[in-house]
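The values are calculated or read from the model by the stated rules, or taken from the named source; none is laboratory data. Because the structure is predicted, anything quoted here is derived from the model rather than measured. Reconstructed Cβ throughout: ideal geometry from the backbone, glycine too, with neighbour counts over all protein chains shown. In case anyone asks, the SASA skips ligands and DNA or RNA and just uses the protein heavy atoms, side chains included. Shrake-Rupley method; radii C 1.70, N 1.55, O 1.52, S 1.80 Å.
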Amino acid sequence: MIEDKIIEACIAAVKQLYGQDVQADAVQLQKTRKEFEGDLTVVVFPFTKASRKGPEPTAQEIGEYIIAQVPEICKYGIVKGFLNLVVKPEYWLEFLRQQNKNPNFGIVASSASKPWLIEFSSPNTNKPLHLGHIRNNLLGWSVSKILEADGKNVIRVNLVNDRGIHICKSMLAWKKWGNGESPEGSGKKGDHLVGEYYVLFDKEYKKEIAALVASGLNEEEAQKQSSIMQEAQKLLRLWESGDEETLKLWKMMNAWVYAGFDLTYQTMGIAFEKTYYESNTYLLGKEIVEKGEAQHLLKRKEDGSVWADLTDDGLDEKLLLRSDGTSVYMTQDLGTARLRVDDFNPERMLYVVGNEQNYHFTVLKKVLARLGFPWAEAIHHVSYGMVELPEGKMKSREGTVVDADDLMDEMKTTAQRMTEELGKTADFTPEEADRLYHMIGMGALKYFILKVDPEKNMLFNPEESIDFDGNTGPFIQYTHARICSLIKRGGFDIEKSSLSPQIVICDEERDILRLCHDFPVIIHKAALELSPAQIANYTYELTRTYNTFYQKIPVLKENDEAIRHFRLALSAFTGHIIKECMCLLGIEVPERM
RNA sequence: GGUUCCGUAGCUCAGUUGGAUAGAGCAACAGCCUUCUAAGCUGUGGGUCGCGCGUUCGAAUCGCGCCGGAAUCACCA
């Protein structure tokens, strides 16, 4: 990379001219701003101490040195303390020639090192996925792709929360009022069907509470006396004791839900290498806690409950086992983490979980460290903000959740309507058209979600449906499709292409080349920050720059064959990178639209 | 109250390890389809980067203090 050469030259320049040593990270090299001539800029302020001169003379001396030492640099300019370097057109041509044939440009080959585990999705089996899960799933999938592109050996895992009182609620409601309803019989999607019974339980429970309160009890007593809640708790005890009939029902209803989830995941375009179930890990968690208590790393209170005392770390005491010996959320996570270490011996374990659980994960790490597990440090919480609606947070009880399946359907329908209005699919087969509508609808949704910094809460307004114009997925897809058709019509063949060294590269073309050149750096940065938003914003910048150029300079009309060839090569390469970026976001790109 | 995160144009969001005159899209207005895809492009208007102080050649970015919002601090998951 040319950047490394310049940095080296700067270090050498300061050493030779001023007799001082500087570290590589002290050299500030950045892209030259559009309004100035140049490709790369060295900030010389940091060197003025060594030179004991003003910024301009220092820049001039270093500039002269770089010109002499780095053959790829043909020119420099100085504005205040900024040394703007111009890269020779030959360098860009050679770069384009080399990389145009390289399908793996920017992608680091996977190493054989220890795997990186990434957990995401983590649904409950008592309700269908909603908009919050969509953000989780898309982030998890994209982060996993980015890590792979950065050379990590990635294993995607899901963790299904398939046990506990909430599951028993939907089971009980189905038993009482279900009349044997099944997905096959009713034609409903399994997760939605089970979700309906969960809601039904809540409705009946509230009704009962209201009746009890009306008869003179206070809220708390009413909750305790509620017969249907007591029945649900009885069901939980039956489940824990391994009652055959209960387990059978549980397995059946879970199977319905899993079939429903699989469909949702398929539509979303995500998949996992392995799925963990909390019903398999909570006992292991209990074991870990009991062992820790025996070693006096944890303490048992008089009522029999077990706690981790984290007050030295400025945190609270944390419950790990209830007084009745049953496990809590944290207990299960201890077991799950342990199981994963046994299964894969991972380098890192990433958890894509909402920022509402930031505290949970700091505690999880602390407790594991307290228990003497060296791999506690491998755990990393990929935290993300909530998706909010204009009226505030989504609440399932108030019916303000945006259902994932509904939303994805809606996106596809909208995509179809708009595409047909534009008459784009007139010559498509029905299958091709359907595939395109799916790509565009999902592309719009995915890009909308992923372009926002994960840490921030984001707003989704169902009234104003997601845009298809401007900084959107379809805009990028559209540009890709246009590049594809351009290449096809232009009769361009990379294998046969030769780029004339006499080409004069205009400003817009340099901008595109610089952006493409940055691609590997962007992937690495996104991998370090675990942020698909980096990729999304980069892709938009590249796409927009290309579009501006495309509009200004007709590609196919150009008479000079050498220029025509160069521009087709540039388009092909840009198209390749756009496709690569979209793949990192989990978004498909069409060849025509 | 403690801890963590957020606050940038009317709205949704970018803004690189501190760097040059803070950028896009949407919305509004004015242009561009006889030429290769108008889901596009060009132009106009729109800013006390929540407020204040500090650090320095330089702060939207770092530190401290306020103001506003969110999450969390459960024998829920």
* To do: Could you list, in sequence order, all residues of the stretch A:546-567 that are part of a helix (DSSP H, G or I), within 11 Å of RNA strand B (Cβ to nearest atom) and either open to solvent by less than 20 Å² (accessible area, probe 1.4 Å) or under 13 Å from A:His480 (Cβ atoms) (or both)?
  => A:Tyr546, A:Asn547, A:Phe549, A:Tyr550
* To do: Give the number of residues within the stretch A:110-131 that are open to solvent by 20 Å² or more (accessible area, probe 1.4 Å) and hydrophobic (A, V, I, L, M, F, W, C).
  => 2
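Every residue, every condition in (1) in contact (Cβ under 8 Å) with a residue 12 or more places away in the chain; (2) of a type in the set (Val, Ile, Thr); (3) at positive phi, yes or no:
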site	(1), (2), (3)
A:Leu212	yes, no, no
A:Ser226	yes, no, no
A:Glu244	no, no, no
A:Val257	yes, yes, no
* Answer from A:Val504, A:Val521 - the residue that is part of a loop (DSSP other than H, G, I, E, B) and surrounded by fewer than 22 Cβ atoms within 10 Å (Cβ to Cβ) -> A:Val504
* Structure fact -> Subset of the stretch A:414-461, residues surrounded by fewer than 22 Cβ atoms within 10 Å (Cβ to Cβ) and of a type in the set (Lys, Arg), comes to A:Arg417, A:Lys424, A:Arg435, A:Lys451, A:Lys456
* To do: Could you identify the single residue in A:Arg489, A:Arg592, A:Arg514 that is basic (Lys, Arg), within 10 Å of RNA strand B (Cβ to nearest atom) and outside any loop (DSSP other than H, G, I, E, B)?
  => A:Arg489
* To do: Can you confirm whether the stretch A:132-149 contains a residue that is farther than 24 Å from A:Gly443 by Cβ and open to solvent by 50 Å² or more (accessible area, probe 1.4 Å)?
  => no
* **Residue count, the stretch A:157-189 (criterion: touching a residue at least 60 places away in the same chain (Cβ under 8 Å) and either farther than 30 Å from A:Phe344 by Cβ or buried (at least 23 other Cβ atoms within 10 Å of the Cβ) (or both))** => 14
* Asked: Is it fair to say A:Thr419 is in a helix (DSSP H, G or I), in contact (Cβ under 8 Å) with a residue 12 or more places away in the chain, under 21 Å from A:Arg135 (Cα atoms) and of a type in the set (S, T, N, Q)?
  -> no
* Of the residues that sit in the stretch A:322-336 and are open to solvent by 10 Å² or more (accessible area, probe 1.4 Å) and β-branched (Val, Ile, Thr), which one is modelled with the highest pLDDT? -> A:Val328
* All but one of (1) at pLDDT below 95; (2) open to solvent by 70 Å² or more (accessible area, probe 1.4 Å); (3) not charged (D, E, K, R) hold for A:Tyr478, so report the exception by its number. => (1)
* **Wholly within the stretch A:283-379, strands (runs of 3 or more DSSP E) carrying at least 1 residues that are touching a residue at least 24 places away in the same chain (Cβ under 8 Å), in contact with a Ser or Thr (Cβ under 8 Å, 6 or more places away or on another chain) and near RNA strand B (Cβ under 9 Å from one of its atoms)** => A:317-321, A:348-354
* Asked: On the given criteria, is A:Glu463 touching a residue at least 24 places away in the same chain (Cβ under 8 Å), more than 10 Å from RNA strand B (Cβ to nearest atom), in a loop (DSSP other than H, G, I, E, B) and out of contact with any strand residue (DSSP E or B) (no Cβ under 9 Å at 6 or more places or on another chain)?
  -> yes
* Structure fact -> Scanning the stretch A:523-540 for residues that are more than 8 Å from RNA strand B (Cβ to nearest atom) and touching a helix residue (DSSP H, G or I) at 6+ places or on another chain (Cβ under 7 Å) gives A:Ile523, A:Ala526, A:Ala527, A:Leu530, A:Pro532, A:Ile535, A:Ala536, A:Tyr538, A:Thr539
* Structure fact -> Looking across the stretch A:30-80 at residues that are assigned to a helix (DSSP H, G or I) and touching a residue at least 60 places away in the same chain (Cβ under 8 Å), the single one that is nearest to RNA strand B (Cβ to nearest atom) is A:Ile66
* Structure fact -> Checked against (1) polar (S, T, N, Q); (2) modelled with pLDDT of 90 or more; (3) not in a helix (DSSP H, G or I), A:Ser111 satisfies every condition except (2)
